[in-house]
Amino acid sequence: MLHGMEREGYVEAYEKAAPTGRMRKYYHLTRAGRAALTEEEQSWQRYSGAVNAVLHFA
């Protein structure tokens, strides 16, 4: 999943040595990733609000 997000430009990765000496891959959100996350959060709020409205109406 992270590789797909990296291809889409939502995250960037870099490698850094861990305290054990092993190389670790770290990811961070890009501006495009933050925008996509915000959009998904809003979509989830609309969806969950609609589901809650139906459940409370029944």
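The values are calculated or read from the model by the stated rules, or taken from the named source; none is laboratory data. This one's a predicted model, so the numbers in the text were calculated from it and none came from an experiment. Neighbour counts are summed over all protein chains in view; Cβ atoms, including those assigned to glycine, are modelled from backbone coordinates with ideal geometry. For the accessible areas, the whole protein counts, side chains as well, though only heavy atoms, and no ligand, DNA or RNA atoms are used. Shrake-Rupley method; radii C 1.70, N 1.55, O 1.52, S 1.80 Å.
For the chain, the relative contact order works out to 25 percent when only alpha carbon pairs closer than 8 Å and six or more residues apart are counted. For the chain, applying the loop criterion from DSSP together with a ceiling of 14 other beta carbons within 10 Å to the trypsin sites (Lys or Arg not before Pro) yields ARG22.
Taken about its Cα centre, the chain carries a charge dipole of about 260 debye when Lys and Arg each add +1 at the Cβ and Asp and Glu each add -1 at the Cβ. Here the accessible area of the chain is 56 percent carbon and sulfur, with a 1.4 angstrom probe and all protein chains present.
Angle of helix 31-57 to the longest C-alpha principal axis of the chain, folded into 0 to 90 degrees and rounded to 10: 30°. Computed over all pairs of different Cα atoms, the Kirkwood value for the hydrodynamic radius of the chain is 13.9 Å.
Computed per residue of the chain from DSSP H runs no shorter than four, each worth -39500 (n - 2.57), the mean residue ellipticity at 222 nm is -19500 deg cm²/dmol. A 1.4 Å probe run over the protein chains yields, for the chain, 90 Å² of accessible area per residue, whole-number rounding. Farthest towards the positive end of the charge dipole of the chain, among the residues ALA35, ALA17, HIS3, is the Cα of ALA17, using unit charges on the Cβ of Lys, Arg, Asp and Glu.
Using heavy atoms of the protein chains and a probe of 1.4 Å, the accessible area assigned to HIS3 is about 110 Å².
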